[in-house]
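Step one of this worksheet: look at the structure below.
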Amino acid sequence: MTFDRSIKIAPSILAADFANFGAECAAVEAQGADWVHVDVMDGHFVPNITFGPATCKAIRPHIKGVMDVHLMIAPVDSYIDAFADAGADVITAHIEAGPHIHRTLQAIRGAGAKAGVALNPGTPAESIQHLLDLTDLVCVMTVNPGFGGQKFIDMGAKIKTLRAMIGDRPIHIEIDGGVDPMTAPIVASAGADVLVAGSAVFKGGSVDNPAPYGENIKAIREAAQGVYV
Ligand code: DX5
Ligand code: ZN
């Protein structure tokens, strides 16, 4: 994985056909996705359950680029090796998921993956101040995690604070929740570079009719880049 601050669109397969993840991943990549975002939920840290490392491992061969695994689970540490073995390029854990996020980020890097830290809407930017040297990605939640299709919560001020804290460090700012062509400019202008989008990418398309995925990705990217066509 090379680092840059260009806008990257990361479709969340939470909005894909759960019976056809492999083909859905291939379809969004063919339609222009930069990363594929994989949401793991445990029914404990968040009030919803998706899937675990075995499913991630099964999906992996169908993704050519970056597999971005968002862990909404507690505890985290005992599962890190399993997600790294499944082929995750980025593993993101929530700062709210336990008392030892510093240890968690060390363990993610130790397992050979890029280390992400996610912040719920109620968690301040300053909470990661002492973690910057251990962090490859900060995920700013713009919904309370657990479900796709929720209303965007404006975290523009938090993103700007994080962008200033990060400075020249090679740390991505990822936005997750309610991203669409209307909200993308807010987060991109504040300093985000990775935009996760579930409903706004998968709406209107399917593996048999993938062109809408491409149109949706293009619309979000152009809105984020300030290009209105
Ligand atoms: C929310 C998940 C998100 C979600 C985004 O708990 O972490 O990745 O799938 O979905 P949309 O884009 O529909 O808000
Ligand atoms: Zn997510």
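Please work out which residue is surrounded by the most Cβ atoms within 10 Å (Cβ to Cβ), limiting yourself to the stretch 37-77 and to residues that are away from ligand 2 (no atom under 16 Å from the Cβ) and within 15 Å of Ser12 (Cα to Cα).
The extreme case among them is Arg60.
Could you list, in sequence order, the residues of the stretch 154-164 that are of a type outside the set (Asp, Glu) and over 16 Å from the mean Cα position of the chain (by Cα)?
Residues of the stretch 154-164 of a type outside the set (Asp, Glu): 155-164.
Passing the criteria: Gly156, Ala157, Lys158, Lys160, Thr161, Leu162, Arg163, Ala164.
Conditions: (1) within 15 Å of ligand 1 (Cβ to nearest atom); (2) assigned to a loop (DSSP other than H, G, I, E, B); (3) at negative phi. Asp168 meets all but one. Number of the miss?
(1)
Any residue in the stretch 194-216 that is more than 29 Å from Val117 (Cβ to Cβ) and small (Gly, Ala, Ser) sitting within a Cβ distance under 6 Å of a residue that is at pLDDT 95 or above and more than 11 Å from ligand 1 (Cβ to nearest atom)? List the pairs, counting only those 6 or more apart or interchain.
The qualifying pairs are Gly204/Pro212; Gly205/Pro212; Gly205/Tyr213; Gly214/Gln31; Gly214/Gly32.
Go through the stretch 78-95 and give me each residue that's in a helix (DSSP H, G or I) and either surrounded by fewer than 17 Cβ atoms within 10 Å (Cβ to Cβ) or of a type in the set (Ser, Thr, Tyr) (or both).
Going through the stretch 78-95, the residues in a helix (DSSP H, G or I) turn out to be 78-85, 95.
Matches in the stretch 78-95: Ser78, Tyr79, Asp81, Ala82, Asp85.
What number of residues in the stretch 13-54 are more than 22 Å from Cys139 (Cα to Cα) and assigned to a helix (DSSP H, G or I)? Give the derivation first.
Applying the first criterion (more than 22 Å from Cys139 (Cα to Cα)) to the stretch 13-54 yields 17-24, 26-27, 30-31, 54.
Now narrow it down to the ones that are assigned to a helix (DSSP H, G or I): 21-24, 26-27, 30, 54.
Number of matching residues: 8.
In the list Leu137, Leu132, which residue meets the criterion of being within 30 Å of Pro99 (Cβ to Cβ), more than 14 Å from ligand 1 (Cβ to nearest atom) and modelled with pLDDT of 95 or more? Don't jump to the end; show me each part of the working.
Numbers: Leu137 fails: more than 14 Å from ligand 1 (Cβ to nearest atom).
Just one listed residue meets the conditions, Leu132.
For residues that are within 22 Å of Gly226 (Cβ to Cβ) and in contact with a Phe, Trp or Tyr (Cβ under 8 Å, 6 or more places away or on another chain), scanning just the stretch 1-30, find the one that is surrounded by the fewest Cβ atoms within 10 Å (Cβ to Cβ).
For the stretch 1-30, the residue satisfying everything is Lys8.
Filter the stretch 196-218 down to residues that are surrounded by fewer than 19 Cβ atoms within 10 Å (Cβ to Cβ) and part of a helix (DSSP H, G or I), then give me how many there are.
6
Restricting the stretch 8-24 to residues that are touching a strand residue (DSSP E or B) at 6+ places or on another chain (Cβ under 8 Å) and within 15 Å of ligand 2 (Cβ to nearest atom), which is farthest from Thr50 (Cα to Cα)? Can you show your working first?
Step one: of the stretch 8-24, the residues touching a strand residue (DSSP E or B) at 6+ places or on another chain (Cβ under 8 Å) are 8-14, 17.
Adding the requirement that they be within 15 Å of ligand 2 (Cβ to nearest atom) leaves 8-14.
Working: Lys8: 24, Ile9: 22, Ala10: 18, Pro11: 16, Ser12: 12, Ile13: 10, Leu14: 8 Å.
Applying the filter and picking the extreme gives Lys8.
Just for the stretch 121-145: of the residues that are surrounded by fewer than 15 Cβ atoms within 10 Å (Cβ to Cβ) and of a type outside the set (Asp, Glu), which one is nearest to Met72 (Cα to Cα)?
Start the filter on the stretch 121-145 by keeping residues that are surrounded by fewer than 15 Cβ atoms within 10 Å (Cβ to Cβ), which leaves 122, 124, 126-127, 129-130, 133, 144.
Among the residues that remain, those that are also of a type outside the set (Asp, Glu) are: 122, 124, 127, 129-130, 144.
Details: Gly122: 16, Pro124: 18, Ser127: 18, Gln129: 21, His130: 22, Asn144: 11 Å.
The selected residue is Asn144.
Between residues in the stretch 22-41 that are modelled with pLDDT of 95 or more and more than 13 Å from ligand 1 (Cβ to nearest atom) and residues that are among the small types (Gly, Ala, Ser) and in a helix (DSSP H, G or I), which pairs lie under 6 Å by C-beta distance while being six or more apart or on different chains?
Listed by first residue and then by second, the contacts come to Gln31/Gly214; Gly32/Gly214.
The values are calculated or read from the model by the stated rules, or taken from the named source; none is laboratory data. No experiment lies behind these values; they were computed from the predicted model shown. When we count neighbours, we look across all protein chains shown, and the Cβ atoms used for this are built from the backbone with ideal geometry, even at glycine.
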